[in-house]
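Notes follow once the structure below has been shown.
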Amino acid sequence: MQQKIAEDPSILGLGEIEFKDMERKQPRAGRLDFLFQDDNNRRYEVELQLGKTDESHIIRTIEYWDIERKRSPQFEHVAVIIAEDITSRFLNVISLFNGNIPIIAIQMNAVQIEDKIGLQFITVLDETALPTYEEDEEFQTPTDRKFWEEKATPQTVTLADELLSLIHEHINNDIRLKYNKFYIGLEQNGVANDFVTLCRGSKT
């Protein structure tokens, strides 16, 4: 499967992209499945998973995206998750980061045609822009962790904790989560610093 994608990356539906690397070694973080690049100097960090998406897959995809954008800051970078089953729950979780962390989710299906097996790739989540919260005071209404555990799920808030750990490791150890009514933002020394925003989740 990896070899087929490397030979013909157009099957992913990401446009005219060029294969750059496979099993790309990451410092202290395993290997990136694929690295592609298009004519607009945009690079795609692609992680492939058989079966359902899970928390570790999302974290790994974002971590590899972050490593590559720091390694090659002259390019624009997009994280891409490919899995056989992208559940509604994880679509909600992935949507939390969409806009601040550019993420594309692609579902992969095997299709049998007579005696042959083909691969079908369907984009189920593309990049979108998040609203500007600073223009609406209601979006910034402060809440707490319990509010978000009930509004979304405890697992969603735990995932926010794991992403915060990545921020501590790679960016700044003084950053804290800031719970607001419609999104979870970040703060540093009591001042909002929303370079990453986690948005409205829902129970599934």
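Binning the C-alpha pair distances of region 2-125 at 10 Å intervals from 0 yields a P(r) profile of 12, 47, 34, 6, 1 %, listed from the shortest bin outward. Put a plus charge on the Cβ of each Lys and Arg, a minus charge on the Cβ of each Asp and Glu, and nothing anywhere else: the dipole of region 2-125 about its Cα centre is then about 500 debye.
With distances taken between every two different alpha-carbon atoms, region 48-98 has a Kirkwood hydrodynamic radius of 11.7 Å. Restricting region 1-66 to GluC sites (Glu not before Pro) that sit in a DSSP loop and have at most 15 other Cβ atoms within 10 Å of their own Cβ leaves 16.
Coordinate-derived values only; no laboratory data. Values in this document were obtained by computation on a predicted structure and should not be read as measured data. Neighbour counts run over all protein chains shown; Cβ positions are idealised from the backbone, glycine included.
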